[in-house]
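Asks: Below is the structure I would like to discuss, written out as structure tokens.
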Amino acid sequence: MNIRLSTGKEIPVEMHKVRIVQKTSLPPVEERLKAIKEGGYNTFALRTKDIFIDMLTDSGTNAMSDNQLAAMMVSDDAYAGSESFYKLARVIEDVLGFRYVLPTHQGRAAEHLLAKVFIKPGDIIPMNYHFTTTKAHIELVGGQVLEIYADEALKTQSTHPFKGNLDIQKLKDTIKKYGASKIPFVRMEATTNLLGGQPFSIENLKEVKRVCSEYNIPLVVDGSLISENAYFIKIREKEYKNKSIQEIIKEIMSFADLFYLSARKSSCVRGGFIATNNKKFYEEIKPWLPVYEGFLTYGGMSTKEIEAMAVGLREMTDISVAGSAAEQVKYFAERFIEYGIPVVTPPGGLACHVDAMMFLPHIPQSQYPAGALAAAIYIVSGVRSMERGTISMDRDQDGNEVYSDLELARLAVPRRVYTVSHIEYVVDRLHWLYQHRDMVKGLKFIEEPPVLRFFFGKLEPLDNWGSKLGETFKKEIGAQ
Ligand SMILES: *Cc1c(COP(=O)(O)O)cnc(C)c1O
């Protein structure tokens, strides 16, 4: 909860107490240099022992609640007909309003099934913005992603409250151009991950649905970060100021023909599912579930996770849970802005995103400024962030680079894991790095996988800048 101090300053105060902890340590700068070099300047290759504060992702790294942990103890491990599944299905009906549930081992597995069942080669899938795994699954079955975001979406410095909105005119033009038969569904992503955690408004969603209905095109909502989107609607969309997070989530759901999520985000567990009220869709997907995931009542998940998911889905409708990351992200962004460090605004729902093209304007996109920034942040702080830029895009079919619209180093805020003092430490080290930004140069690939290359790719720094940066840091700040 944001609390205004007597000085007038607002800080995010955690509405929970920490009762289980995991020890962490800060490896000295020489060790950090060795680790990033061995990992090919790719933060995905770092190990927990090399990391002080892990802001790679909010995926599966959130703190569970006491009630979630307790629920795991009473799970029912039946292969078929597990009572844990029926508990989850009841919660999904209560919280989201869907009758049919198809559990999957995580979010991308839901995307795999949707792509397999609904997309034919040559199909077009319009969406507010892609997510890496969504795009990979759509393209693997021969479909094409078409992003029709509003112009404001790519402006990193903005005051627009809903940069995750879809451009309605562009949607109409797209349907006219390709024909509704080529569009198996329109996809709306809640709190668009790769745009910096930016939400859509209900007003926009309503319009999207109206156009979809006119042409009989199903609307798919990716709700991995649904509670944060609902939180932003509550604080940014006037008509919803007095509605509860639960009421807002239900209203969003009323527009979705198909819903899926990765439970690793808002609901603080691991796993995923597809949900719908459309029996025909359900029956079309169902036969494939045991082929790729597992039987209908576990879908590749442990029944312990299913129990914890049922609790997590209810808990995410509590505003102090729905807003827990967003409020820390806001504080984070405001502190960076005080130092003139360029971050994505308005602050989003899952992470503080540093704009690498503005931070490192001397590095061209062909030399991966966001990847270089993520590596530099690690060297000077032991903090792990994630590249969300051109390295996260794969080459096109002819082997050409596809430059990302944005080059961001993403400092994710796992829910209920870090405190304001951790954030202050990160802000301080980035402030130092910003003053030494000229020392950071580009990267080049030395090992490049053909698909989702950001996971396993290895790179090296041009001009050996990493070691020089580390040495300067040691001289000015010390080993840590
Ligand atoms: C994380 C995520 C996915 C993929 O889910 P996984 O559980 O990581 O497979 C899909 N869409 C969005 C918006 C996500 O944030």
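Asks: Using a cut-off of 17 Å between alpha-carbon atoms, which aspartates and glutamates can reach residue 172, once sequence neighbours fewer than 8 places away in the same chain are excluded?
Replies: 123, 147, 151, 203, 207, 214
Asks: Excluding residues fewer than 8 places away in the same chain, name every one of the lysines whose C-alpha is closer than 27 Å to that of residue 286.
Replies: Cross-link targets: 87, 116, 120, 135, 182, 209, 250, 265, 304.
Asks: Something else: Within region 1-108, list the chymotrypsin sites (Phe, Trp or Tyr not before Pro) lying in a DSSP loop whose Cβ has at most 11 other Cβ atoms in a 10 Å radius.
Replies: On the way: sites: 41, 44, 52, 79, 85, 86, 98, 100; in loops: 41, 52, 79, 98.
Loop-located and lightly packed - 79.
Asks: Follow-up. Taking only protein heavy atoms into account and a 1.4 Å probe, give the accessible area per residue of the chain in Å².
Replies: Values: 19480 Å² over 480 residues.
Result: 41 Å² per residue.
Asks: Hey, what did the chain get for relative contact order, percent, Cα under 8 Å, at least 6 apart?
Replies: Numbers: 1031 pairs, mean separation 107.0, N = 480.
Reported relative contact order: 22 percent.
Asks: Continuing with the same structure: Considering the alpha-carbon set of region 224-282 alone, what are its Rg and its Dmax in angstrom?
Replies: 12.7, 37
Asks: If all Cα-Cα distances of region 18-134 are sorted into 10 Å bins from 0 onward, what percent lands in each bin, rounded to whole numbers?
Replies: Spelled out bin by bin, region 18-134 gives 9, 23, 27, 26, 13, 1 percent.
Asks: Classify region 66-320 from the C-alpha gyration tensor, please: rounded if a/c falls under 1.5, else prolate or oblate depending on whether a/b exceeds b/c.
Replies: Working: a/c = 1.94, a/b = 1.26, b/c = 1.54.
Oblate.
Asks: With a cut-off of at most 14 other beta carbons within 10 Å, and DSSP calling the residue loop, which trypsin sites (Lys or Arg not before Pro) in region 343-426 qualify? Please list them.
Replies: On the way: sites: 384, 388, 395, 410, 415, 416; in loops: 395, 415, 416.
Counting only loop positions with at most 14 other Cβ atoms within 10 Å, the trypsin sites (Lys or Arg not before Pro) in region 343-426 are 395.
Asks: In Å³ and rounded to a whole number, note down the convex hull volume per residue for the Cα atoms of the chain. Intermediate values should be presented prior to the final figure.
Replies: Values: hull volume 69.1 nm³, N = 480.
Spread over its residues, the Cα hull of the chain gives 144 Å³ apiece.
Asks: Quick check: from the Cα gyration tensor, does region 75-164 come out rounded (a/c under 1.5), prolate or oblate?
Replies: Working: a/c = 2.99, a/b = 1.59, b/c = 1.88.
Here region 75-164 falls in the oblate category.
Asks: Determine, for each peptide in 215-225, 356-366, the mean count of other beta carbons within 10 angstrom over its residues, then list the peptides with the highest first.
Replies: By packing density, highest mean first, the sequence is 215-225, 356-366.
Asks: State the dimensionless ratio Rg/Rh of region 294-372 (Rg: radius of gyration of Cα atoms; Rh: Kirkwood radius).
Replies: On the way: Rg = 19.0 Å, Rh = 15.7 Å.
Here the Rg-to-Rh quotient is 1.21.
Asks: Leaving ligands and nucleic acids out of the surface, order 261, 462 by accessible area at 1.4 Å, largest first.
Replies: Values: 261 0, 462 50 Å².
Highest to lowest solvent-accessible surface, that is 462, 261.
Asks: With a 1.4 Å probe and all protein chains left in place, how much of the accessible area of region 12-140 comes from carbon and sulfur atoms, in whole percent?
Replies: Numbers: 3320 of 6190 Å².
So the carbon and sulfur contribution to the accessible surface is 54 percent.
Asks: May I pose another question? Kindly identify region 1-73 as rounded, prolate or oblate by the Cα gyration tensor criterion: order the square roots of the eigenvalues as a ≥ b ≥ c, call it rounded if a/c is under 1.5, otherwise compare a/b with b/c, prolate if a/b is larger, else oblate.
Replies: On the way: a/c = 2.70, a/b = 1.47, b/c = 1.84.
Here region 1-73 falls in the oblate category.
Asks: Which semi-axis lengths, in whole Å and largest first, follow from the square roots of five times the eigenvalues of the Cα gyration tensor of region 185-267? Mind showing how you got there, number by number?
Replies: Numbers: eigenvalues 72, 49, 25 Å².
Output for region 185-267: semi-axes of 19, 16, 11 Å.
The values are calculated or read from the model by the stated rules, or taken from the named source; none is laboratory data. This structure is a prediction, so every number in the text was calculated from the model and none was measured. Using ideal geometry, Cβ is built from the backbone for each residue, glycine included, and neighbour counts are taken over all protein chains shown. All accessible areas refer to the heavy atoms of the entire protein, side chains included, with ligands and DNA or RNA removed. Shrake-Rupley method; radii C 1.70, N 1.55, O 1.52, S 1.80 Å.
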